[in-house]
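Here's the structure we're looking at; comments come further down.
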Amino acid sequence: MERLPVTAVAHSAIVVVLAVLAASTLYGLTDNKPYIADHLVQRNQTTVAPSPGNKTLQDHSAGMRVILLGTGTPVPDPLRSGPATAVLAGGQSYLVDCGPGVVRRAAAAFQRGTSELDMRLLTRAFITHLHSDHTTGYADLIMTPAVVARAEPLNVYGPPGIKEMTENILAAYKEDLAVRAKGENLSRMRGYKVEVHEVTPGIIYEDQNIKVTAFAVPHGVWKYAYGYRFDTPHRSIVISGDTGPAETIIKACNGCDVLVHEVYCKAGFDLGPRSWQHYHATHHTSSVELAELASRARPKLLVLNHQLFFGCSEDQLLGEIRGLYKGRVVSGKDLEVY
Ligand SMILES: [Zn+2]
Ligand SMILES: [Zn+2]
């Protein structure tokens, strides 16, 4: 009988084990872990969740901040991912919009140490409106975190229409969901579940960390478009969504800590054709309009977001605002935190 040398057998065994481990890690093939995010999760585990029972609202909320996951527009700029923002408080993330790239940007932020953007914690999302640039990452947000780690349902809050969009996405992926339901245990299938809440302006969400208020904004012909204000006892953050200049934003901010607001460059706009100008003037806010709005809303910090440059440079856009507005203003970039 021919005998394989011991080292060859051991080598083969190691190769097989490594191959299985690599496949399990990459594709989440085993029921009892590991999933792709696990090694990342463990690195930050002490900061992922608050310890039970001994946290008050004050403990949680002092550090509320906002991270820009995608400052882009429909233009597929590789440096600016699709519109998505996350408010972070009490160890939890609260997403606003899910433009293309949202899950990759959340993973990038997590790898840089933003523990609230652990795939397991992508369980709450607020949608401003149903424009494609703000929602083409929605299928990704439903599926990807569940494939790799999320075990809890995704709760989504948004305008009328979000329910139908959700049902259609789930219907589009019904074969994938059926295959996964056979291959994985029931507790993990909870991660694919979506609880949809169609909301109207007012306080729409509250937990031990945060209060969320929706307000209506004018966005051209869209019947429903919202901005959101996030409150803790210590900080307030307002996110405009896509909007023309709006009294509701001035009222919602009213001296807020951070106002994240969309904007377009006036100099670039002035060079465009008439019909194109009409669209943007009725759907979005120019730098000049934003300067006036911010003077009345009085945010401690104004963060430009969803910048429609129209050929302008960032300095030019900032210059247009700073010429008319004396408060603190920055032009946001992906993965910046405020
Ligand atoms: Zn948009
Ligand atoms: Zn829009």
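List pairs: first residue in the stretch 74-100 and in contact (Cβ under 8 Å) with a residue 40 or more places away in the chain and under 17 Å from Tyr264 (Cα atoms), second residue in a loop (DSSP other than H, G, I, E, B) and of a type in the set (Val, Ile, Thr) anywhere in the structure, Cβ distance under 7 angstrom, at least six positions apart or on different chains.
Between residues of the stretch 74-100 that are in contact (Cβ under 8 Å) with a residue 40 or more places away in the chain and under 17 Å from Tyr264 (Cα atoms) and residues that are in a loop (DSSP other than H, G, I, E, B) and of a type in the set (Val, Ile, Thr), the close pairs are Arg80/Thr71; Gly82/Thr136.
Given (1) under 20 Å from Asp176 (Cα atoms); (2) away from ligand 2 (no atom under 16 Å from the Cβ); (3) among the aromatic types (Phe, Trp, Tyr), identify the lone condition not met by Phe110.
Evaluating Phe110 over (1) under 20 Å from Asp176 (Cα atoms); (2) away from ligand 2 (no atom under 16 Å from the Cβ); (3) among the aromatic types (Phe, Trp, Tyr) leaves (1) as the failure.
Please determine, by comparing only the residues of the stretch 134-168 that are of a type in the set (A, V, I, L, M) and free of Cβ contacts under 8 Å to residues at least 40 places away in the same chain, which one is farthest from ligand 2 (Cβ to nearest atom).
First, pick out the residues of the stretch 134-168 that are of a type in the set (A, V, I, L, M): 139, 141-143, 146-149, 151, 154, 156, 162, 165.
After this cut, where a residue has to be free of Cβ contacts under 8 Å to residues at least 40 places away in the same chain as well, the list is 139, 162, 165.
Values: Ala139: 18, Ile162: 14, Met165: 14 Å.
Among those residues, the one meeting the criterion is Ala139.
Against the definition (aromatic (Phe, Trp, Tyr), within 16 Å of ligand 2 (Cβ to nearest atom) and closer than 21 Å to Leu68 by Cα), how does Tyr279 come out, yes or no? Before you say what the answer is, go through the steps one by one.
Working: aromatic (Phe, Trp, Tyr): yes; within 16 Å of ligand 2 (Cβ to nearest atom): yes; closer than 21 Å to Leu68 by Cα: no.
Judged against the criteria, Tyr279 is not a match.
Would you check which residues across the stretch 234-247 are more than 16 Å from ligand 2 (Cβ to nearest atom), more than 17 Å from Val330 (Cα to Cα) and either touching a residue at least 40 places away in the same chain (Cβ under 8 Å) or surrounded by 21 or more Cβ atoms within 10 Å (Cβ to Cβ) (or both) and list them?
As a first pass, look at the stretch 234-247 and keep what is more than 16 Å from ligand 2 (Cβ to nearest atom): 234-238, 247.
Next, only the ones that are more than 17 Å from Val330 (Cα to Cα) stay: 234-236, 247.
Of everything in the stretch 234-247, those that are more than 16 Å from ligand 2 (Cβ to nearest atom), more than 17 Å from Val330 (Cα to Cα) and either touching a residue at least 40 places away in the same chain (Cβ under 8 Å) or surrounded by 21 or more Cβ atoms within 10 Å (Cβ to Cβ) (or both) turn out to be His234, Arg235, Ser236.
Output the residues belonging to the stretch 140-162 that are closer than 23 Å to Asp242 by Cα and away from ligand 1 (no atom under 16 Å from the Cβ). So that I can check it myself, show each step before the final result.
The first filter runs over the stretch 140-162 and keeps only residues closer than 23 Å to Asp242 by Cα, leaving 140-142, 155-162.
Across the stretch 140-162, the qualifying residues are Asp140, Leu141, Ile142, Asn155, Val156, Tyr157, Pro160.
Taking the residues in the stretch 189-220 that are β-branched (Val, Ile, Thr) and in contact (Cβ under 8 Å) with a residue 24 or more places away in the chain as candidates, determine which candidate is surrounded by the fewest Cβ atoms within 10 Å (Cβ to Cβ).
Filtering the stretch 189-220 for residues β-branched (Val, Ile, Thr) gives 194, 196, 199-200, 203-204, 210, 212-213, 217.
If we keep only those that are in contact (Cβ under 8 Å) with a residue 24 or more places away in the chain too, we end up with 194, 196, 199, 204, 210, 212-213, 217.
On the way: Val194: 19, Val196: 16, Val199: 20, Ile204: 18, Ile210: 23, Val212: 20, Thr213: 19, Val217: 26.
The residue in question is Val196.
Only residues that are part of a loop (DSSP other than H, G, I, E, B) and at negative phi: list them for the stretch 96-124, please. Please lay out each step first, then the result.
From the stretch 96-124, those part of a loop (DSSP other than H, G, I, E, B) are 97-101, 112-114, 118, 122-123; that's our starting set.
Cys98, Gly99, Pro100, Arg112, Thr114, Asp118, Leu122, Thr123, listed by residue number.
Sort out which residues of the stretch 71-95 are away from ligand 1 (no atom under 12 Å from the Cβ) and not in a strand (DSSP E or B), and write them in order of number.
Pro76, Asp77, Pro78, Leu79, Ser81, Gly90, Gly91
Counting just the residues of the stretch 218-233 that are aromatic (Phe, Trp, Tyr) and farther than 17 Å from Thr282 by Cβ, which one comes out farthest from ligand 2 (Cβ to nearest atom)? Steps first, please.
First, the residues of the stretch 218-233 that are aromatic (Phe, Trp, Tyr): 222, 224, 226, 228, 230.
If we keep only those that are farther than 17 Å from Thr282 by Cβ as well, we get 226, 228, 230.
Details: Tyr226: 11, Tyr228: 15, Phe230: 20 Å.
So the residue we want is Phe230.
Starting from the stretch 268-287, take each residue that is surrounded by 12 or more Cβ atoms within 10 Å (Cβ to Cβ) and list its partners that are of a type in the set (Lys, Arg), counting only C-beta distances under 7 angstrom and pairs at least six apart or across chains.
Ser286/Lys266; Ser287/Lys266
Considering only the stretch 113-133, state which residues are touching a strand residue (DSSP E or B) at 6+ places or on another chain (Cβ under 8 Å), within 14 Å of ligand 2 (Cβ to nearest atom) and not hydroxyl-bearing (Ser, Thr, Tyr).
Residues satisfying the conditions are Ile127, His129, Leu130.
Filtering the stretch 130-139 down to residues that are surrounded by fewer than 23 Cβ atoms within 10 Å (Cβ to Cβ) and either assigned to a strand (DSSP E or B) or not charged (D, E, K, R) (or both), which residue is farthest from ligand 1 (Cβ to nearest atom)?
Restricting attention to the stretch 130-139, the residues satisfying the condition of being surrounded by fewer than 23 Cβ atoms within 10 Å (Cβ to Cβ) are 130-133, 136, 139.
Subset that is either assigned to a strand (DSSP E or B) or not charged (D, E, K, R) (or both): 130-132, 136, 139.
Numbers: Leu130: 11, His131: 5, Ser132: 9, Thr136: 11, Ala139: 18 Å.
The qualifying residue farthest from ligand 1 (Cβ to nearest atom) is Ala139.
Considering only residues that are over 17 Å from Leu154 (Cβ atoms) and out of contact with any Leu (no Cβ under 6 Å at 6 or more places or on another chain), which ones fall in the stretch 105-127?
Hits for the stretch 105-127 are Ala108, Gln111, Arg112, Gly113, Thr114, Ser115.
The numbers here are math on the coordinates, done by the rules we state, and not lab data. Bear in mind the structure is a predicted one, so any value in this text is a computation, not a measurement. Note: ideal-geometry Cβ built from the backbone for every residue, glycine included; neighbour counts use all protein chains shown.
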